[in-house]
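The values are calculated or read from the model by the stated rules, or taken from the named source; none is laboratory data. Note that this is a predicted model, so its numbers are computed, not measured. Here Cβ is always computed from backbone atoms with ideal geometry, including for glycine, and neighbour counts include all displayed protein chains.
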2 protein chains.
Amino acid sequence: MSSVSESFSAQNPSAERIPAAERREQILAAASQVFGARGYAGATTDQVAQAAGISQPYVVRMFGTKENLFIEVIERSLSRLMTVFRGEIAKTDPQAADPADTDPAYTDLLSARLGRAYIDLIEDRGILLSLMHGFLTGHDPAIGAAARTGFLDIYRLLRDEAGFEPDQVREFLADGMLFNTLLALRLPDAYDNDEAARELMDCTFRTKLDLVLGASAAHWSEETA
Amino acid sequence: MSSVSESFSAQNPSAERIPAAERREQILAAASQVFGARGYAGATTDQVAQAAGISQPYVVRMFGTKENLFIEVIERSLSRLMTVFRGEIAKTDPQAADPADTDPAYTDLLSARLGRAYIDLIEDRGILLSLMHGFLTGHDPAIGAAARTGFLDIYRLLRDEAGFEPDQVREFLADGMLFNTLLALRLPDAYDNDEAARELMDCTFRTKLDLVLGASAAHWSEETA
DNA sequence: GTCTATATCTTGATAGAC
DNA sequence: GTCTATCAAGATATAGAC
C-alpha cells in the first residue's frame, strides 16, 4: 500500500487519494485489529482511523456509524473463515459423493485439517478476535443479530458441508472458543513464566505452537497503546 | 433487601443507610449483572448504580474506580466458581487418597458433575458472563492480569484438585467456553426459531436445557434497556 | 453512609472547505 | 476523496453537604 511516507505520521500526510474500494478494505483491516484487541465498546473510531492512517471523520463518513463498521468487520471475518473452511473441505474431499454419508476416518481427517486452518488464521490476529468480541456483544440488537446469524452459519457449514455430526460440530466449536479465549487472554505471553499456561497451551495448540507464540510476540509488540 | 419502596424509583429514595459490607455485596451483585451483559467497556458506573438502587458517585466512592470494581466482580465470580467446584470434588471423592492417581471412571463421573454444577451457575447470569468478558479484556493491563491469573487458577484446580489429565482439563474448559459463548450470544433466544440453534443447544446443554431456557427468558425480560 | 452538583475529558458524528 | 473544526452527549471522578 502507500509506502514509507506513512511510517512517521499516522495521519495521511499529503491526503493521498486512493480508490474508495481500496480505502474501504484498508479501514476494515485496521478496524479488525483494533476491535479484535479492545472489543466493540472499548475501541474508538479514532483508534481505527490512526491504525488506518487517515482522519477519524473519514472513517465515520465511509461507514456511517461505528456500529455499522463493526458489523462489517464481523461479516468480513466470517466470510474469510468460511472461505478457508470451504477450501479445506474441497481439498480433502475430492470424490465424496454424499456429504451426509461419510465415514469416520474422513471426518477425523477433515476435522484435523479445519482445526489447523483455523489456527493458521491467527496470522491475522483481528479475524478471530473481532469475531469473538462480536459473539460476546449479543446484547446489542444489531450486532447481536449479525453475530448469531454468523455463528449459526458456521454451525451449518460444519454440519452440512463438512458432514459432521452435531456432536462433532459441538466439539469443534468448543475447541475454537477455547482457542479464541486463550488468545484474547494473551496467555501466549505467559508461556515462559507459568507452567500451567505452558501445559495448557502445549495441549491446545500442539504442533502449531510456534505459530501462535511467534505471531503473538510480533503482534503485541507493534501495538500503539 | 430493601422492600417495595424501590420498585418505583431506582434511586435509593430515603437514602436508607445499610452496613457498608452489605452495600458492597449489593453493588457487586448488580455490577456482575451489568458487566456480564455489556462487558467492561460497554457498561457504565451509572447503570451499575441504577441496578443497585443507589447513586452513581456512591458506586465510585466505594470501589475507587470502575476498573477496580470490575476486577472485584471478576474475583467474586472466580471465588464462587471455585467454591462450587471444590464442593463437587469433595462430594464425589470421599475416600480417594491420592488425587494424582485416579481411575478413569472417577474422573468421568467428576467431569460430568462439574459440568452440571457449571451449568447450574447460570441461575446467576452475571457470574459466568462477567468472567467471560474478563477473559476477553486481556488487553487491559490490570484486568488482563487478574483474568489470566484467575483462568490459570481454574486450570490448576481441575488438574491438581480434581485430578484431571491436562487433556481432560482442556476439553472441560473448551466446553465451558462454548457454553459461555452461546449464552453471551443469547442463542437460547433463537431456540424456537432456528433449527440449527436448537440442535446445537440440545447437544450442548442436554439434560439441563430447561434450566438454560428458563433462566434466559426470566433474565432478559427483566432488563432495563 | 449516601446524595446533589459539577468539573473535565472523551468520543461519535456533522458541517463544510479543498 | 479527504481533511479541519467543532458540537453535543455521555461518562468517570471529585467536592462537599447532610
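When B:Ser32 is tested against (1) within 13 Å of DNA strand D (Cβ to nearest atom); (2) touching a Gly at 6+ places or on another chain (Cβ under 9 Å); (3) of a type in the set (S, T, N, Q), only condition (1) is not met.
Name every residue in the range A:41-54 that is crowded, with 16+ Cβ neighbours inside 10 Å and either over 25 Å from B:Ala43 (Cα atoms) or within 13 Å of DNA strand D (Cβ to nearest atom) (or both), in order of residue number.
Of everything in the range A:41-54, those that are crowded, with 16+ Cβ neighbours inside 10 Å and either over 25 Å from B:Ala43 (Cα atoms) or within 13 Å of DNA strand D (Cβ to nearest atom) (or both) turn out to be A:Ala41, A:Gly42, A:Thr45, A:Val48, A:Ala49, A:Gln50, A:Ala51, A:Ala52, A:Gly53, A:Ile54.
If you go through the range B:95-106 and pick out every residue that is at pLDDT below 85, among the hydrophobic types (A, V, I, L, M, F, W, C) and either assigned to a helix (DSSP H, G or I) or surrounded by 12 or more Cβ atoms within 10 Å (Cβ to Cβ) (or both), you end up with 1.
Of all residue pairs spaced 6 or more apart or on separate chains, those with beta-carbon atoms under 8 Å, a first member in the range B:36-47 that is more than 8 Å from every other protein chain (Cβ to nearest Cβ) and in contact (Cβ under 8 Å) with a residue 40 or more places away in the chain and a second member that is in a helix (DSSP H, G or I) and of a type in the set (Gly, Ala, Ser) are B:Gly36/B:Gly126; B:Gly36/B:Ser130. For the range B:55-74, the set of residues classified as more than 14 Å from DNA strand C (Cβ to nearest atom), away from chain A (no Cβ under 14 Å) and crowded, with 16+ Cβ neighbours inside 10 Å consists of B:Leu69, B:Ile71, B:Glu72, B:Val73, listed by residue number. Regarding B:Tyr155, is this residue in contact with a helix residue (DSSP H, G or I) (Cβ under 8 Å, 6 or more places away or on another chain), hydroxyl-bearing (Ser, Thr, Tyr) and surrounded by fewer than 20 Cβ atoms within 10 Å (Cβ to Cβ)? So B:Tyr155 does not fit the description; no.
If we keep just the residues of the range B:55-95 that are closer than 26 Å to B:Arg17 by Cβ and among the polar types (S, T, N, Q), which is nearest to DNA strand D (Cβ to nearest atom)? Residue satisfying both the conditions and the ranking: B:Thr65. May I ask you to verify whether B:Ala51 is part of a helix (DSSP H, G or I), within 12 Å of chain A (Cβ to nearest Cβ) and within 14 Å of DNA strand C (Cβ to nearest atom)? So B:Ala51 fails the test. What is the number of the single condition among (1) surrounded by fewer than 22 Cβ atoms within 10 Å (Cβ to Cβ); (2) free of Cβ contacts under 8 Å to residues at least 60 places away in the same chain that A:Asp160 does not meet? (2) is the only condition that A:Asp160 fails.
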